[in-house]
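The values are calculated or read from the model by the stated rules, or taken from the named source; none is laboratory data. Keep in mind that what you see is a predicted model, and the values were worked out from it rather than measured. In this analysis, Cβ positions are derived from the backbone assuming ideal geometry, glycine residues included, and neighbour counts consider all displayed protein chains.
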Amino acid sequence: MRLSIVSSLFAGAALAAAAPVAAQSFTAAESAQVDTLVGEALAATGVPSASVTVVRGGKIAFAKAYGKQSETIATADIKTKYQIASVSKQFTAAAILLLRDEGKLSLDDTIAKYLPGITGGDRITIRQLLAHTSGLQDYWPQDFSFAAMATPTSPQGIVDRWARKPLDFEPGSQWQYSNTGYVVAGLIVEKLSGMELVPFLKNRLLDPLGIDAIDQDLATGKGYPQGYTRAALGPVKVETPPASGWLYAAGELSMSTPDLAKWDIARIERKGLPAKDWAEQEQAVKLTDGASTHYGLGVTLAEVKKRATVEHGGEAVGFLTTNRVFVEDKAAIVVAVNAWFGDAQSRIADGIGDILFPDRKTASTGLDETARTAMARKVYDQLREGMLDRAMLTEDANYYYTAGVQADYRDSLGSLGEPTAFATRGAPRLRGGFVVRGYVVSYGERKLNISTMSELGQDGRFEQFLVTPGS
């Protein structure tokens, strides 16, 4: 559906939402603030639905679902299981820690001890897998489904294609996000436990905490949310799920936001795992030169105005999740949406953070990369005009830009006229053998975000060029 229709759906009392669950300490005014915040975020981005759970004082204080979860779910239900994708990495890491506690491995063991044939396996440690410092190339850095994802795969299939490539860097010397590393970690869990990964997680971690979760590959069909996609500002459409096997230990779980909040509460209370394991997961791993990665074992470590956060985002095909825990403040924010465009989940999480901590401020940074910015602007103008130079795109990017996607970009962007500004957003970083850059396009007060990935080098082709509504 187009943005104008979505806007009307979320206006006033017409907002479709389930009744709050376990609301213990949010006031009526605070709950109304969340309702407004979510409604505005969904309307502005076109994202169909959101599931929100907030922990305050170590207990669930607010839980509510909003909007359209699928073409067949009539009313948003807080119990609906969203695909949490990479938020699952902390569960995979916890499984490794449990096996370590049982004496079945050491985090400083090399992976060659358990799995043969992986590039650098005699130098890469299990700790480096979990901390994204292994040097193994990421098999899915894109924010779209590349061609191979239409065909089922297996963990071994991912290892054979990506974990036998040359390393991106010497293990321990850099930090670079790698889903491939977590696939290898999952295979180690299965080999040493004698169980498949998800059943092991359910038996040892999830069921004891009362968390109802399933393999994300099974979270499709009746009763489950559908993922949605959008090309630039074009119509919102149901997304085609990937074939099975593509997330595995890098993003294996689907659960409701209250169930994910139970995990956050366990983290706050140091339950479900030995306290030392929680602490070790939350300790930033250092590079060989002593620099901090600001990443632990499956979690990102940050600080907002002297408030430490343990957090992670998740992206599945058609789904985005933000999970943010303020351990010392006994608070957590869980937001899941059934779209992988826009920034609704971040807007909602940031806004709830302002409700929990009114003095919280978010810093922003800028960057000037004149030549690359000019190249990005050139591609953006081509998309507005419907005349895309495919020589500037990689094979995967050309696969993404079908005739229909190009038409949506042309029709939705061309009508906006000439941008008033085109600027960088954040600093470039490496991932999956590509350079990730962001841009903001302005049309007066209206903002659009651009997410790009490009090959290394000044003239590197674009692997990804996605436009989404901005804030």
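Filter region 408-454 for residues that are among the hydrophobic types (A, V, I, L, M, F, W, C) and in contact with a strand residue (DSSP E or B) (Cβ under 6 Å, 6 or more places away or on another chain) and give the result.
Pass one, region 408-454, residues among the hydrophobic types (A, V, I, L, M, F, W, C): 413, 416, 421-423, 427, 430, 434-436, 440-441, 448, 450, 453.
Across region 408-454, the qualifying residues are 416, 421, 422, 423, 434, 435, 436, 440, 441, 448, 450, 453.
Can you give me the number of residues within region 63-90 that are at negative phi and either in a strand (DSSP E or B) or among the acidic types (Asp, Glu) (or both)?
Residues that pass the stated criteria total 8.
Can you list the strands (runs of 3 or more DSSP E) lying wholly within region 240-332 that have 1 or more residues being within 20 Å of residue 182 (Cβ to Cβ) and in contact with a Gly (Cβ under 7 Å, 6 or more places away or on another chain)? Steps first, answer last, please.
Values: elements: 253-255, 300-304, 307-316, 319-326.
Hits in region 240-332: 307-316, 319-326.
Given the criterion outside any helix (DSSP H, G or I) and within 14 Å of residue 134 (Cβ to Cβ), identify the matching residue among 177, 182, 224.
After ruling out the rest, the residue left standing is 177.
Kindly establish whether residue 457 is touching a residue at least 12 places away in the same chain (Cβ under 8 Å) and either out of contact with any strand residue (DSSP E or B) (no Cβ under 8 Å at 6 or more places or on another chain) or surrounded by fewer than 18 Cβ atoms within 10 Å (Cβ to Cβ) (or both). Even if it seems obvious, please write down each step before you answer.
Numbers: touching a residue at least 12 places away in the same chain (Cβ under 8 Å): no; either out of contact with any strand residue (DSSP E or B) (no Cβ under 8 Å at 6 or more places or on another chain) or surrounded by fewer than 18 Cβ atoms within 10 Å (Cβ to Cβ) (or both): yes.
No, not satisfied.
Exactly one of these conditions fails for residue 237: (1) of a type in the set (D, E, K, R); (2) touching a residue at least 40 places away in the same chain (Cβ under 8 Å); (3) under 27 Å from residue 50 (Cα atoms). Give me its number.
Unmet condition: (2).
Of the conditions (1) more than 18 Å from residue 145 (Cβ to Cβ); (2) out of contact with any Pro (no Cβ under 8 Å at 6 or more places or on another chain), residue 451 clears all except one; give me its number.
(1)
Report every pair of residues separated by at least 6 positions or lying on different chains whose Cβ atoms are under 7 Å apart, first residue within region 259-277 and closer than 17 Å to residue 57 by Cβ, second basic (Lys, Arg).
268/330
Please enumerate the residues belonging to region 210-228 that are closer than 18 Å to residue 90 by Cβ and among the small types (Gly, Ala, Ser).
Of all residues in region 210-228, those closer than 18 Å to residue 90 by Cβ come to 210-216.
Scanning region 210-228 gives 210, 213.
Considering only residues that are surrounded by 18 or more Cβ atoms within 10 Å (Cβ to Cβ), touching an Asp or Glu at 6+ places or on another chain (Cβ under 6 Å) and assigned to a helix (DSSP H, G or I), which ones fall in region 91-126?
97, 126
Pairs under 8 Å by beta carbon, first residue assigned by TED's automatic domain parsing to the domain that holds residue 156 in region 185-196, partner outside any helix (DSSP H, G or I) and crowded, with 22+ Cβ neighbours inside 10 Å, six or more apart or different chains?
Close Cβ pairs (under 8 Å, with a partner that is outside any helix (DSSP H, G or I) and crowded, with 22+ Cβ neighbours inside 10 Å) amount to 186/252.
The rows are residues; the columns are (1) surrounded by fewer than 22 Cβ atoms within 10 Å (Cβ to Cβ); (2) of a type outside the set (A, V, I, L, M); (3) not assigned by TED's automatic domain parsing to the domain that holds residue 204.
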| position | (1), (2), (3) |
| --- | --- |
| 252 | no, yes, no |
| 263 | no, yes, no |
| 275 | yes, no, no |
| 280 | yes, yes, no |
| 284 | yes, no, no |
| 287 | yes, no, no |
| 291 | yes, no, no |
| 295 | yes, yes, no |
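Pairs, please: C-beta under 7 Å, at least 6 apart or cross-chain, first residue not assigned by TED's automatic domain parsing to the domain that holds residue 379 and in region 416-444, second modelled with pLDDT under 95 and part of a strand (DSSP E or B)?
Within 7 Å, no pair qualifies.
Of the numbered conditions (1) touching a residue at least 40 places away in the same chain (Cβ under 8 Å); (2) at positive phi, residue 290 satisfies every one except a single condition; which is it?
Answer for residue 290: the failing condition is (1).
Across region 210-242, which residue is nearest to residue 338 (Cα to Cα) among those that are of a type in the set (A, V, I, L, M, F, W, C) and loosely packed, with under 15 Cβ neighbours inside 10 Å? Step through it out loud before you land on a result.
The first filter runs over region 210-242 and keeps only residues of a type in the set (A, V, I, L, M, F, W, C), leaving 211, 213-214, 218-219, 231-233, 236, 238.
Subsequent filtering for residues that are loosely packed, with under 15 Cβ neighbours inside 10 Å retains 218, 238.
Details: 218: 16, 238: 10 Å.
Ranking the qualifying residues of region 210-242, first place goes to 238.
So for region 186-209 (the condition being at pLDDT 95 or above, within 19 Å of the chain's Cα centre (by Cα), surrounded by fewer than 19 Cβ atoms within 10 Å (Cβ to Cβ) and within 14 Å of residue 88 (Cβ to Cβ)), does at least one residue qualify?
Checked against the condition, which is being at pLDDT 95 or above, within 19 Å of the chain's Cα centre (by Cα), surrounded by fewer than 19 Cβ atoms within 10 Å (Cβ to Cβ) and within 14 Å of residue 88 (Cβ to Cβ), region 186-209 yields no hits at all.
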